[in-house]
Ligand code: C2E
Ligand code: CA
Ligand code: CA
Ligand code: CA
């Protein structure tokens, strides 16, 4: 049995070795990923619940790694945070997303919104405002088309500086969405301090709407809360017709999820836009 233990131990050490070798590789190659044009932006449609039409998209970054293939953000966003490289990725994604959305506007889909995820580190950057202003100017996108998604956990930290930055963004006409809404553990008082426009209900609630009465109660309550605060409400992670029907009955404004489409490349999104609506 000692042998077995030793073997397991060796195996374990080998696994750790491989994992950290992969991490090291990823870390080294992440810095070059932008210049090597390995990053991609995927777009997931956001649908107006009343009309069923696509009114916008969320930009979601992907990394087409030469060795590991197409990586989803969970594989490299944490690493990008630790290394600070998230700042460059964020800038790049924002620019791509605005450029692409402007193309859709030019093609006649001229009210498409674009949602972009902003991390805590980006929100701490004093250059964020300048940078966003520049991108909007360069791409000639109207500010109200841009929705910045900030997770509830970031807003709950309630840094004075981020309140000011968000107020400036709001003055510019940009919309602010609370991402993963409902997963926070503390009070909702930040809703008063931040200039918020949109609540984006975390996908764990949509997932359980039909099977768990707590989840459906929470969703109904969030929609009522949004209504009474004059905010718009968007449900993410909608995968089934039953979930959609519940949200429709509950008068949720917009929805996003695999029921409509997974995140897809810009070309495919454009085809989807041109497809006649069904159902
Ligand atoms: P998120 O902002 O909550 O984005 C929604 C995630 O849910 C996406 O995962 C999307 O593919 C997934 N999703 C959408 N519809 C459904 C559905 O019906 N069912 C299920 N099970 N999942 C669905 P993705 O693309 O892997 O992104 C993961 C996270 O990575 C995002 O979560 C966001 O926090 C982060 N992320 C992605 N792109 C960026 C970026 O450019 N900047 C920053 N800072 N973070 C990003
Ligand atoms: Ca998001
Ligand atoms: Ca989310
Ligand atoms: Ca999330």
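Could you grab me the full set of residues in region 223-254 that are within 16 Å of ligand 4 (Cβ to nearest atom) and crowded, with 16+ Cβ neighbours inside 10 Å?
Once the filter is applied, which keeps residues that are within 16 Å of ligand 4 (Cβ to nearest atom) and crowded, with 16+ Cβ neighbours inside 10 Å, region 223-254 yields 234, 235, 236, 237, 238.
Those residues that are within 14 Å of ligand 2 (Cβ to nearest atom) and at pLDDT 95 or above, I need them from region 180-200; list them, please.
Filtering region 180-200 for residues within 14 Å of ligand 2 (Cβ to nearest atom) gives 180-183, 198-200.
198, 199, 200, listed by residue number.
Given the conditions (1) assigned to a strand (DSSP E or B); (2) under 22 Å from residue 267 (Cα atoms); (3) within 16 Å of ligand 4 (Cβ to nearest atom), and given that residue 149 satisfies all but one, which numbered condition is not satisfied?
Condition (2) is where residue 149 drops out.
Does any residue of region 133-146 turn out to be more than 16 Å from ligand 3 (Cβ to nearest atom), within 29 Å of residue 23 (Cα to Cα), surrounded by 14 or more Cβ atoms within 10 Å (Cβ to Cβ) and under 16 Å from the mean Cα position of the chain (by Cα)?
Looking for residues that are more than 16 Å from ligand 3 (Cβ to nearest atom), within 29 Å of residue 23 (Cα to Cα), surrounded by 14 or more Cβ atoms within 10 Å (Cβ to Cβ) and under 16 Å from the mean Cα position of the chain (by Cα), one finds none in region 133-146, hence no.
Restricting to region 22-35, name every residue that is touching a residue at least 24 places away in the same chain (Cβ under 8 Å) and either under 30 Å from residue 111 (Cβ atoms) or assigned to a loop (DSSP other than H, G, I, E, B) (or both).
Correct list: 31, 33, 34.
Out of all the residues in region 260-279, which are out of contact with any strand residue (DSSP E or B) (no Cβ under 9 Å at 6 or more places or on another chain) and farther than 23 Å from residue 105 by Cβ?
278, 279
Quick one: would you say residue 41 is modelled with pLDDT of 90 or more, farther than 23 Å from residue 201 by Cβ and in contact with a strand residue (DSSP E or B) (Cβ under 6 Å, 6 or more places away or on another chain)?
Numbers: modelled with pLDDT of 90 or more: yes; farther than 23 Å from residue 201 by Cβ: yes; in contact with a strand residue (DSSP E or B) (Cβ under 6 Å, 6 or more places away or on another chain): yes.
Here the answer is yes, as residue 41 does meet what is asked.
Sort out for me the strands (runs of 3 or more DSSP E) sitting completely within region 54-138 that have 2 or more residues that are farther than 30 Å from residue 276 by Cα.
Once the strands (runs of 3 or more DSSP E) in region 54-138 are filtered for at least 2 residues that are farther than 30 Å from residue 276 by Cα, what remains is 54-65, 69-71.
Quick check on residue 155: is it under 16 Å from the mean Cα position of the chain (by Cα), touching a residue at least 24 places away in the same chain (Cβ under 8 Å), crowded, with 20+ Cβ neighbours inside 10 Å and part of a helix (DSSP H, G or I)? Let's see the steps before the verdict.
Numbers: under 16 Å from the mean Cα position of the chain (by Cα): yes; touching a residue at least 24 places away in the same chain (Cβ under 8 Å): yes; crowded, with 20+ Cβ neighbours inside 10 Å: yes; part of a helix (DSSP H, G or I): yes.
Taking the combined requirement at face value, the residue satisfies it.
Out of (1) touching a strand residue (DSSP E or B) at 6+ places or on another chain (Cβ under 8 Å); (2) on the phi > 0 side of the Ramachandran plot, the odd one out for residue 230 is which?
Of everything listed in (1) touching a strand residue (DSSP E or B) at 6+ places or on another chain (Cβ under 8 Å); (2) on the phi > 0 side of the Ramachandran plot, residue 230 misses just condition (1).
Take the residues in region 176-190 that are crowded, with 16+ Cβ neighbours inside 10 Å and without any contact (Cβ under 8 Å) to a residue 40 or more places away in the chain, then tell me which one is farthest from residue 203 (Cα to Cα).
190
Report yes if some residue within region 201-219 is within 14 Å of ligand 2 (Cβ to nearest atom), under 20 Å from residue 55 (Cβ atoms) and touching a helix residue (DSSP H, G or I) at 6+ places or on another chain (Cβ under 8 Å); otherwise report no.
Yes, because at least one residue in region 201-219 is within 14 Å of ligand 2 (Cβ to nearest atom), under 20 Å from residue 55 (Cβ atoms) and touching a helix residue (DSSP H, G or I) at 6+ places or on another chain (Cβ under 8 Å).
The values are calculated or read from the model by the stated rules, or taken from the named source; none is laboratory data. No experiment lies behind these values; they were computed from the predicted model shown. Using ideal geometry, Cβ is built from the backbone for each residue, glycine included, and neighbour counts are taken over all protein chains shown.
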